[in-house]
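Below: the structure, in structure tokens.
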Amino acid sequence: MARRGGIPGGGVPGSMNNLMKQAQKMQKQMAEQAKEFETKEFTASAGGGAVSVTVSGKRELTKVAIDPDAVDPEDVEMLQDMIVAAANEALRQMEAANQEIMGKLTGGLGGLGGFGF
């Protein structure tokens, strides 16, 4: 005689409840970490420190510092390149930190992405 109702495969309903509780706990932890992560800053420099750029965990450029000696009106392109290089490195640092936090939260589970960025 066939069974009716229940979980397909004969699973125990309590196990599903535990799984849902764990998922909700992880979701809450991820939301808390995301909020905290947004307050962090990541700074990188280029040109031997001539240009320094800071980005936030929100992926927003928050600061640019340029050594006055790096400002050469004859070579504006070099200064622009240093700013781009520093900004890209700061963004890479931010993304690496994001991935590290997510790896700790998910226990290495793949496919869960970052904090929605």
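Observations on the model:
- For the residues Lys28, Lys58, Lys63, the requirement of being within 16 Å of the chain's Cα centre (by Cα) and surrounded by fewer than 18 Cβ atoms within 10 Å (Cβ to Cβ) singles out Lys58.
- Meets criteria (over 24 Å from Ala34 (Cα atoms) and free of Cβ contacts under 8 Å to residues at least 12 places away in the same chain) for Val71: yes
- Meets criteria (within 30 Å of Lys25 (Cα to Cα), hydroxyl-bearing (Ser, Thr, Tyr) and modelled with pLDDT of 90 or more) for Ser52: no
The values are calculated or read from the model by the stated rules, or taken from the named source; none is laboratory data. Small disclaimer: the values here were computed from a predicted structure and weren't measured. Backbone-built Cβ (ideal geometry, glycine too); neighbour counts: all protein chains shown.
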